[in-house]
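K.L.:
There's a structure below that I have some questions on.
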Amino acid sequence: MSFAKAQDLLRIALLASARRGGISLQEICAALNISHRTAQRMTDALEATFANVTTEDGPDRRRRWRLNDPALARLQPRQETTVEALEIAVRAAREDNRLRHARALENLREGLIARLPPLDALRAEADAEAVLSALGHVARPGPKVVMRSDITDAVIEGLRGPFRLRIVYGDHDATARIVEPHGLLIGPRSYLVALQPTRGDGLLNFRMDRIVSAECLDETFRLIPGFSLDDYAARAFGAFQDPDQYGEIIWRFSPSAAARAAEFRFHPHQQTELQQDGSLIVRFNAAGWLEMAWHLYQWGDAVEVLAPERLRAMTEGYRRADFEALP
């Protein structure tokens, strides 16, 4: 067995030991980025190498492998990358003013370092700091709206329940609203996705920077059956949701910009078609024409809106030819 395969087997063994329900073939494929057949060979090797391997078929009809060996927890792989990842997550949480998450991640990081031998701990911290000093200035370029930590903590507490929230939105003297939080979209401008029962059964987006106060109530509610934040977010190009604008979007990038445009993922469900003349067609379904127009402006005259007509009308007069570089 090669060293790389041995490392992979050790990683699978640690996962099978750490996860209460064990690990499935699908999870092994995702963890190691390998094929289903290779994952099957890994489980065969797991059973052949370790004595305390048990298998169980779960309610989802997937078989899971569990390794019952407390001594295995003392086999610690190198932790430099783990420390780096935790520190990057801490910084990202602090940038978003998610102080509760930042503190939890810091505790996890310190606990990990405390369990390492002194020399390994020093090496992990030194190596992580060297990487982080190079990543810090390019982690999140561009302007962003800062969220208040007390508002964010209340929203996260509501999402955890789930519990209703009492928020004051827009102005300090505005009437308080009772909303049912379903998700938090984090970006340059972040939004609370929530249902306000007094305004119907449609989800609304509340700008986090415009929430004046938020209080988590001791009132539970039922989430919309089958709700998926990923599916909800995919209905918009950015964050703005408008059912009247939702529909097929078609952009054509000129041959000179096609290669550059092909490097972008404009939408999670986009489809691309390379044309015979070298141009690139991008199709997806979403709403948010104004946010699309803001982005398309950066491409100058290298992009043309084919559909819908109203978005085409918004951008046609602003396609400049004097931009020196593409996004």
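The values are calculated or read from the model by the stated rules, or taken from the named source; none is laboratory data. The structure presented is a predicted model; accordingly, all values stated were derived computationally and were not measured. For neighbour counting, all protein chains shown are included, and Cβ atoms are generated from backbone atoms with ideal geometry for every residue, glycine included.
K.L.:
Please verify whether the range 272-282 includes one or more residues that are in contact (Cβ under 8 Å) with a residue 60 or more places away in the chain and either out of contact with any strand residue (DSSP E or B) (no Cβ under 8 Å at 6 or more places or on another chain) or within 27 Å of Asp231 (Cα to Cα) (or both).
P.N.:
So in the range 272-282, the residues in contact (Cβ under 8 Å) with a residue 60 or more places away in the chain come out as none.
No, the range 272-282 has no match at all.
Residue-by-condition table, conditions (1) loosely packed, with under 15 Cβ neighbours inside 10 Å; (2) at pLDDT 95 or above; (3) farther than 16 Å from Ala236 by Cβ:
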{"position": "Phe284", "(1), (2), (3)": "no, yes, no"}
{"position": "Trp294", "(1), (2), (3)": "yes, no, no"}
{"position": "Leu306", "(1), (2), (3)": "no, yes, yes"}
{"position": "Gly317", "(1), (2), (3)": "yes, no, yes"}
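K.L.:
Here is a check on your reading of the model: is Phe264 out of contact with any Gly (no Cβ under 7 Å at 6 or more places or on another chain) and closer than 30 Å to Leu184 by Cα?
P.N.:
On the way: out of contact with any Gly (no Cβ under 7 Å at 6 or more places or on another chain): yes; closer than 30 Å to Leu184 by Cα: yes.
Against the criterion (out of contact with any Gly (no Cβ under 7 Å at 6 or more places or on another chain) and closer than 30 Å to Leu184 by Cα), Phe264 qualifies.
K.L.:
Could you tell me how many of the residues in the range 53-79 are at pLDDT below 85, surrounded by 11 or more Cβ atoms within 10 Å (Cβ to Cβ) and over 25 Å from Arg115 (Cα atoms)?
P.N.:
2
K.L.:
Please give the number of the condition Ala214 fails out of (1) exposed (fewer than 15 other Cβ atoms within 10 Å of the Cβ); (2) in contact with a helix residue (DSSP H, G or I) (Cβ under 7 Å, 6 or more places away or on another chain); (3) more than 28 Å from Ala287 (Cα to Cα).
P.N.:
So Ala214 meets the others, but not (1).
K.L.:
Could you please give the count of residues in the range 285-302 that are in a strand (DSSP E or B) and in contact with an Asp or Glu (Cβ under 8 Å, 6 or more places away or on another chain)?
P.N.:
Just the residues of the range 285-302 that are in a strand (DSSP E or B), to begin with: 285-287.
Checking the rest, the ones that are also in contact with an Asp or Glu (Cβ under 8 Å, 6 or more places away or on another chain) come to 285, 287.
So the answer is 2.
K.L.:
Still on this structure: Take the residues in the range 102-122 that are at pLDDT 75 or above and surrounded by fewer than 16 Cβ atoms within 10 Å (Cβ to Cβ), then tell me which one is farthest from Arg148 (Cα to Cα). It would help to see each step written out before you state the result.
P.N.:
Narrowing the range 102-122 to residues at pLDDT 75 or above: 102-113, 118, 122.
From the residues that got through so far, the ones that are surrounded by fewer than 16 Cβ atoms within 10 Å (Cβ to Cβ) too are 103-104, 107-108, 110-111, 118, 122.
Details: Arg103: 16, Ala104: 18, Asn107: 22, Leu108: 24, Glu110: 26, Gly111: 28, Pro118: 38, Leu122: 35 Å.
So the residue we want is Pro118.
K.L.:
Just checking: which of the strands (runs of 3 or more DSSP E) contained wholly in the range 141-212 hold 3 or more residues that are touching a residue at least 24 places away in the same chain (Cβ under 8 Å) and not hydrophobic (A, V, I, L, M, F, W, C)?
P.N.:
Details: elements: 163-169, 177-185, 191-195, 203-207.
The strands (runs of 3 or more DSSP E) meeting that bar are 163-169, 177-185.
K.L.:
For Leu15, work out the one condition from (1) touching a residue at least 40 places away in the same chain (Cβ under 8 Å); (2) surrounded by 14 or more Cβ atoms within 10 Å (Cβ to Cβ); (3) hydrophobic (A, V, I, L, M, F, W, C) it doesn't fulfil.
P.N.:
Unmet condition: (1).
K.L.:
Would you mention how many residues in the range 217-252 are over 30 Å from Trp299 (Cα atoms), polar (S, T, N, Q) and surrounded by 15 or more Cβ atoms within 10 Å (Cβ to Cβ)? Walk me through it before giving the result.
P.N.:
In the first step, residues of the range 217-252 are kept if they are over 30 Å from Trp299 (Cα atoms); the result is 217-228.
Filter once more, so that each one left must be polar (S, T, N, Q): 220, 228.
With surrounded by 15 or more Cβ atoms within 10 Å (Cβ to Cβ) added as a condition, the list becomes none.
Counting residues in the range 217-252 that are over 30 Å from Trp299 (Cα atoms), polar (S, T, N, Q) and surrounded by 15 or more Cβ atoms within 10 Å (Cβ to Cβ) gives 0.
K.L.:
Please find, among Glu95, Glu84, the residue that is modelled with pLDDT under 80, in the same structural domain as Pro117 (by TED's automatic domain parsing) and surrounded by fewer than 17 Cβ atoms within 10 Å (Cβ to Cβ).
P.N.:
Glu95
K.L.:
In the list Gly170, Gly183, which residue meets the criterion of being more than 24 Å from Pro225 (Cα to Cα) and either touching a Cys at 6+ places or on another chain (Cβ under 8 Å) or modelled with pLDDT of 85 or more (or both)?
P.N.:
Details: Gly183 fails: more than 24 Å from Pro225 (Cα to Cα).
It is Gly170.
K.L.:
Let me ask you something else. Kindly check whether there is at least one residue in the range 258-277 that is outside any helix (DSSP H, G or I), of a type in the set (Asp, Glu) and in the same structural domain as Pro197 (by TED's automatic domain parsing). Before the answer, list the steps.
P.N.:
Going through the range 258-277, the residues outside any helix (DSSP H, G or I) turn out to be 262-277.
This time we only want the ones that are of a type in the set (Asp, Glu), so: 263, 273, 277.
Add one more test, that the residue is in the same structural domain as Pro197 (by TED's automatic domain parsing), and what stays is none.
Looking for residues that are outside any helix (DSSP H, G or I), of a type in the set (Asp, Glu) and in the same structural domain as Pro197 (by TED's automatic domain parsing), one finds none in the range 258-277, hence no.
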